[in-house]
Each structure stands twice: as structure tokens, then as C-alpha cells.
Amino acid sequence: MKRLQTSVMAILLLGAGASLAEPDEALLGQGQGYPVGSIQTWARNPYRVGSWSALDQVPGVRVNRVAPSSQVRPLPPMAQPPALRYRYRNLGYSIDEYLDRQRATGLLILKDGQVVAERYRYARPPTARFVSFSMAKSVVSLLVGVAHAQGLIASLDDPAEKYAKDLAGTPYGATSLRHLLNMSSGLTFTERYDGNDDVMRMGRAFVADPQGSMAVLKTIQQRHAPEGERFVYASAETEVLGYALRGATGRSLAGLTQSWLWEPMGAEHEAFWRTGADGQEGAFGFFNASLRDWGRLGALLAEDGQVAGRQVVPRDYLLAGTDAAQLPAALKPGRATPYFGYGHQFWVLPMKERTFVMQGVHGQRLYVQPASRTVMVITSVWEHPAGAATEGPSRETDALWRGVLTSLGARTD
């Protein structure tokens with residue numbers, strides 16, 4: 001009996017040790033308790049885990065806060081969740097094996113508004129507010145859709161300068177909101193993530209220039225194509241939309257997010273936007289929210305903009321940006337990029353069943369398939385941006401999503 005007890009204890013200890021081992025945990029600051037770093041170091045190792053789940057605790061970072069809902073939407077657990085499996089490079093894996101292979105800080109899977117799986121890694125608590133990077137762009141798009149529905153934006157074909165007055169007389173000011181939403185302005189804005197591109201220049205201005213991002217937006221002059229003819233990813237286009245929203249509504253992005261999204265969707269936790277030197281929120285990548293509230297936002301999208309029968313975001317607006325059949329030819333999957341399509345700041349997957357994703361660099365993802373009401377949220381600290389679906393961890397994450405759909409009986413063709 002004593003030998004049996006010893007064997008069982010050994011197995012339990014081995015299991016506990018395995019569950020605590022996470023990819024690159026030493027590099028990512030496990031031994032230091034995952035510190036948040038400074039305003040100069042927050043994006044580097046070993047500060048990524050700590051900073052990217054508590055950016056408001058980084059000294060010198062300014063934020064505008066978004067209050068939780070007065071009536072929290074419950075996310076009950078699924079009574080008998082199925083085993084979730086996926087295939088990658090001809091091998092089968094479980095979701096926990098994915099977490100053992102990739103640097104994910106959080107994973108949440110919902111089906112019909114119920115929790116199928118929920119995981120937190122690198123000692124992150126459920127209350128952590130995870131930075132979204134470019135997932136924030138899709139949040140801005142939802143606010144544009146509501147502003148248009150309320151008549152605060154008269155037409156998506158209006159030039160940006162009608163609302164963002166400081167851009168009057170500039171090429172971005174003359175560009176329509178519709179083409180900004182679709183990142184088809186035709187303006188040349190470099191985004192290579194090499195530290196020497198326009199997005200880095202804009203990021204530095206956002207933090208330090210009294211004009212914020214506007215200081216760089218005004219300098220973009222060259223066109224590589226006529227408006228609407230070509231998709232080229234450019235974070236500047238979302239920044240212009242952020243300024244246009246403030247001009248159209250007279251309110252901050254944080255205030256709009258609370259009134260138009262967080263309150264009606266039943267958010268559980270406070271969220272926040274990082275703000276720049278001019279007080280404007282970073283529309284291009286600085287919205288922060290808990291994993292469960294990202295899931296609630298995904299559930300709203302899976303229900304085509306509805307919550308409990310109330311239309312929160314216009315359905316037609318969502319369809320125009322996430323239904324491949326409705327996208328302009330230049331924005332369809334396989335045309336906008338070799339894999340994804342793009343519309344209204346969302347990435348559209350090449351599937352027969354409408355399926356789309358909010359994406360941020362370094363592994364932030366929110367996948368949605370409305371027909372099956374399936375949502376998957378992943379927050380990560382990948383070493384490299386890895387934006388393309390054919391690259392490294394992005395390719396495996398796409399395989400995980402398809403495996404989740406298959407495991408839950410949804411279509412993946």
C-alpha cells in the first residue's frame with residue numbers, strides 16, 4: 001500500500017510539474033514574477049507577460065477607463081464539453097498540447113454563449129486585462145458602425161476631414177471613411193515592424209508628440225493606387241477613424257466603448273484604452289480587456305450584433321465587412337492577401353460558412369463563426385509579429401481554430 005501511495009504521489013507531482021511548465025517561461029520573466037517593466041521596456045522580454053496583461057500598471061502609461069456593465073452577461077460552462085482536438089502538420093493535438101507548444105497567456109472557447117474551455121497561463125488571473133494590439137481596430141470599426149446608424153456619421157462615403165477637422169487639406173483627410181475601414185486608401189504608409197517604418201514613427205509620435213499620431217498622419221502624401229482599388233494594411237487608417245469618431249460624436253473612444261459596447265453586451269470587468277500625448281486613444285492597437293469580456297464581444301459578433309434580442313451593432317454593417325460574398329473584389333479572400341479577405345477592419349477567412357477574425361500582432365486573436373455561434377479568443381506573447389496565416393504560430397493557431405470548429409460539429413470547408 002505504501003509503495004502504491006508513493007507511486008500515486010509521484011504521478012501527481014509529475015503532472016503538477018508538467019502543468020506548470022510553459023514555453024519560454026524563464027525568458028518571459030517567471031523567475032521575477034512576470035514584471036511589468038517601464039515605458040521604455042514594456043514591450044520587451046522579460047516584461048511582455050506582465051505588461052501585456054496590465055498595461056495600466058506600467059509607469060508613465062496614460063489610460064482612459066471603460067466601466068463594466070451594470071448587468072453582467074453570464075457565461076455558463078457547457079454541461080458536457082466535447083474533447084477539443086486539432087491537426088497540424090499531419091499530427092493530432094489537444095488544446096492543452098497547443099498551450100504547451102505556443103506562448104499563449106489566455107484561451108477561451110465559447111459555443112452558444114457557453115464556456116467550452118477556459119485557460120490562463122503564465123500566472124495570469126481571470127481579471128487580467130489583455131492588450132489587443134490590432135484587435136482594437138475591429139473595436140473601432142464597431143463604434144463607426146454604431147455612429148453611422150445613429151446618424152452621427154452621415155455617410156461612410158464622407159471624407160475623413162468632415163469629422164477629423166485637423167486633417168483638412170491632407171490626403172488622409174480627403175479619403176473616405178469607407179476606404180479607411182477597408183484599408184484601401186491607396187496612400188503609402190509603411191508597416192514592416194522593423195523599427196524603421198511609418199508605424200514605428202507614428203507610435204513614437206503617439207507617445208511623445210503633443211499632436212499625438214496626428215503629427216505623422218499629416219505627413220503621409222504619396223499614393224500607390226487610387227482609392228478603393230487595393231488592400232494594403234496600414235495602422236494609420238484606423239487612427240484616422242479614431243479622430244473622425246471623436247469629431248463626429250464629441251466623445252472619447254472610451255466613452256463610446258462603454259455606452260455602445262461594454263454596457264449592452266454585459267461586460268464583467270473594467271477595460272481601458274491607452275491614450276497618446278494628445279489625449280486621444282490609440283485606435284490602432286491599444287484597447288485592453290479581460291479574456292471573458294473579449295469572449296462576450298465575440299458572442300455579440302456571433303449573434304450578428306445582437307444581445308438578448310437587442311441590435312447593438314447594425315447587422316448590415318457587420319455583413320458588409322465580414323461576408324466574403326459582399327466584399328469588393330479587391331478585398332476578397334485570396335485577393336486582399338493570399339489567404340484572408342478584409343473588410344471593415346476584420347479579417348475574413350476563406351470558408352463557405354461566414355467566418356472572420358480580429359487579429360493583433362504577437363498572437364492576439366478573436367475568431368467568430370456566427371452560423372455555429374462559435375467563438376475562440378487567444379491572447380499571446382509570441383516573440384515575433386507573425387501576422388500571416390502561413391507563418392509559424394499563426395499557421396498552428398489557424399489549425400487550432402479549425403479543429404475547434406470540427407470538434408464542435410461546425411463547418412470548416
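Where a number appears in this text, it was derived from the coordinates with a stated rule and is not lab data. Here the structure is a predicted model, which means the values were calculated and not measured. All Cβ positions, even for glycine, are placed from backbone atoms using ideal geometry, and neighbour counts span all protein chains on display.
Result for the chain in a Gaussian network model with C-alpha springs under 10 Å: among 196, 182, 90, the largest mean-square fluctuation is at 90. Extension gain, residue 204 to residue 310, is 34.1 nm, computed as 0.36 nm per intervening residue step minus the present C-alpha separation. Quote the Stokes-Einstein diffusion coefficient, in whole µm² s⁻¹, for the stretch 43-164, based on the Kirkwood radius over alpha carbon pairs, a temperature of 20 °C and a viscosity of 1.002 mPa s. Reported coefficient: 116 µm²/s.
Helix 392-407 and the longest principal axis of the C-alpha atoms of the chain enclose an angle of approximately 70°. A Gaussian network model of the chain, with springs between Cα atoms under 10 Å, assigns the largest mean-square fluctuation among 333, 59, 46 to 59. Annotation: average projected area of the stretch 286-413 is 7.9 square nanometres, based on the convex hull of Cα atoms across all directions. Applying 1/(1 + (r/R0)^6) with r as the Cβ-Cβ distance of residue 330 and residue 101 and R0 = 35 angstrom yields a FRET efficiency of 0.45. Note on residue 62 and residue 27: their simple-model spin labels are 3.5 nm apart, each label 7 Å out from Cα toward Cβ.
Remark on residue 380: its backbone amide H falls under 5 Å from those of 105, 364, a criterion applied only to residues 5 or more positions apart or on other chains, H modelled at 1.01 Å from N.
Our helix-only sum for the chain, with -39,500 (n - 2.57) per DSSP H run of n ≥ 4 divided by its residues, gives a mean residue ellipticity at 222 nm of -9000 deg cm²/dmol.
Between the listed residues 233, 256, 133, the Cα displaced farthest toward the positive end of the dipole of the chain, a dipole computed from Cβ unit charges relative to the Cα centre, is found at 133. Model label sites at residue 188 and residue 384, defined 7 Å from Cα along the beta-carbon direction, differ in position by 2.6 nm. Counting other Cβ atoms within 10 Å as a rough exposure proxy, the listed residues 41, 249 run 41, 249 from fewest neighbours to most.
Of the residues 58, 361, the one with the fewest other Cβ atoms within 10 Å heads the list, and the complete ranking is 361, 58. In this Cβ point-charge picture (+1 for Lys and Arg, -1 for Asp and Glu), the chain has a dipole of about 720 debye about its Cα centre.
Of the trypsin sites (Lys or Arg not before Pro) in the stretch 313-388, the ones in a loop by DSSP (not H, G, I, E or B) with at most 10 other beta carbons within 10 Å are 352. Highest mobility in the GNM of the chain, judged by mean-square fluctuation with C-alpha springs under 10 Å and restricted to 178, 87, 274, is found for 87.
Rounded to the nearest 10 degrees, the angle from helix 2-20 to the longest Cα principal axis of the chain is 10 degrees.
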